[in-house]
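No lab work stands behind these numbers, since they all come straight from the coordinates. Here the structure is a predicted model, which means the values were calculated and not measured. So basically every Cβ, Gly included, is an ideal-geometry build from the backbone, and we count neighbours across all protein chains shown.
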């Protein structure tokens with residue numbers, strides 16, 4: 001019973017973005033850590049500053065899934081972040097960055113386009129769907145977390161934007177969406193599919209991962225866990241500062 005209550009408490013805490021991305025959430029590995037562990041483990045769990053790319057992506061999700069949060073987002077009517085007005089605004093407010101009006105308008109256009117399509121709207125807002133659902137589990141004895149954009153009865157939906165929808169099948173591998181599919185399938189016991197919109201052309205697509213795609217993701221996760229156990233587990237045998245790349249040319 002105690003374990004069940006602890007599990008519930010963990011999920012409640014991870015529902016809060018401050019907890020999910022803060023010190024409590026960093027006790028777990030998430031898909032965003034997979035690339036770091038595989039490419040540069042010295043950056044594992046190093047806090048990352050907020051950036052315009054992250055902020056725009058967050059706003060895109062909030063507009064669709066958490067409109068009450070989107071209403072709190074502010075922006076500046078300036079041409080770029082190099083302007084005097086923008087820099088003075090940051091100094092006066094103490095904020096690390098701000099969205100620009102043109103970025104907010106472009107993001108709203110993406111959301112409007114997605115909502116206008118019946119298949120997308122019905123898939124996202126179908127009765128019974130749940131938004132921003134956290135989950136935790138162990139994979140090979142290591143604690144993992146994830147937060148599904150949309151949990152449906154029979155699948156999960158993840159919302160993505162892309163610079164070229166015709167290259168999404170390739171960028172999906174580069175951005176470790178394959179390992180995301182595997183992790184979320186373990187977390188929720190449901191397959192994950194991607195609802196994607198092109199930021200430039202507004203073309204949209206629904207991408208369903210193949211078994212091969214998920215297996216590639218599983219391989220990435222297993223390799224990342226080996227790196228984690230080598231450098232960061234309780235009884236890790238090696239110091240991450242000794243990490244180096246070794247390849248045959």
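By per-residue mean of other Cβ atoms within 10 Å, what is the highest-first order of 142-154, 228-240, 42-54? Display every interim value, and only then the final one.
On the way: 142-154: 17.8, 228-240: 12.8, 42-54: 10.9.
Sorting 142-154, 228-240, 42-54 by mean packing, highest first, produces 142-154, 228-240, 42-54.
Debye sum, Cα scatterers, region 125-190, no solvent: what log₁₀ I/I(0) at q = 0.13, 0.15, 0.20, 0.22 1/Å?
-0.42, -0.55, -0.88, -0.98
State the extension gain, in nm to one decimal, for the chain segment bounded by residue 210 and residue 171, taking 0.36 nm per residue of separation less the distance between their alpha-carbons. Could the numbers behind the result be given before it?
Details: separation 39, 0.36 × 39 = 14.04 nm, distance 1.53 nm.
Residue separation times 0.36 nm, minus the Cα-Cα distance, leaves 12.5 nm.
Which whole-angstrom value gives the distance between the alpha carbon centres of region 75-91 and region 146-172?
Cα centroid to Cα centroid, the span is 32 Å.
Suppose each label sits 7 Å from its Cα in the direction of the beta carbon; what would the residue 103-residue 81 distance come out to in nanometres?
A separation of 0.6 nm, rounded to one decimal place.
Placing one identical point scatterer on every Cα of region 152-204 and ignoring solvent, what is log10 I(q)/I(0) from the Debye formula at q = 0.15, 0.18, 0.30, 0.31 Å⁻¹?
Taken in order of the listed q values, log10 I(q)/I(0) reads -0.43, -0.60, -1.13, -1.16.
Among DSSP bridges having both ends in the chain, what percentage is antiparallel? Round to the nearest 5. Intermediate results must be reported in sequence, preceding the final value.
Details: 15 of 25 bridges.
Taking every DSSP beta bridge within the chain, about 60 percent pair in antiparallel fashion.
So how do 58, 113, 130 line up by other beta-carbon neighbours within 10 Å, fewest first?
In increasing order of surrounding Cβ atoms, one gets 130, 113, 58.
For region 177-249, divide the Cα radius of gyration by the Kirkwood radius and give the resulting Rg/Rh value with two decimals.
1.15
Taking region 19-105, how much of its Cα-Cα pair set, in percent, is spaced more than 18 angstrom apart?
On the way: 2134 of 3741 pairs.
Summing the P(r) of region 19-105 above 18 Å gives 57 percent of all pairs.
What's the FRET efficiency of residue 126 with residue 163 using the Cβ-Cβ distance as r and R₀ = 35 Å, to the nearest 0.05?
Details: r = 29 Å, r/R0 = 0.82.
The computed FRET efficiency comes out at 0.75.
If one computes the Cα centroid of region 193-249 and of region 1-62, what distance in Å separates the two points?
The two parts, judged by their Cα centres, are 15 Å apart.
What share of all Cα pairs of region 69-157, in percent, falls into each consecutive 10 Å distance bin?
With a bin width of 10 Å, the distribution comes to 13, 27, 25, 24, 10, 0.
With no solvent and one equal point scatterer per Cα, compute the Debye intensity ratio I(q)/I(0) for region 43-92 at 0.20, 0.28 Å⁻¹ and report its log10, rounded to two decimals.
Once normalised to I(0) and log-transformed, intensities are -0.88, -1.05.
Quote the relative contact order of the chain in percent (integer), defining contacts as alpha-carbon pairs under 8 Å separated by 6+ residues.
18
Take the Cβ-Cβ distance between residue 54 and residue 113 as r, set R0 to 30 Å, and report the resulting FRET efficiency rounded to the nearest 0.05.
Calculated value: 0.85.
Arrange the following residues from fewest to most other Cβ atoms within 10 Å of their Cβ: 155, 181.
155, 181
What number, in percent, do you get for the relative contact order of region 65-153 if the mean sequence gap of Cα pairs under 8 Å and at least 6 apart is divided by its residue count?
21
Specify, per residue and in Å³, the volume enclosed by the convex hull of the alpha carbon atoms belonging to region 2-235.
For region 2-235, the hull spanned by Cα atoms encloses 153 Å³ per residue.
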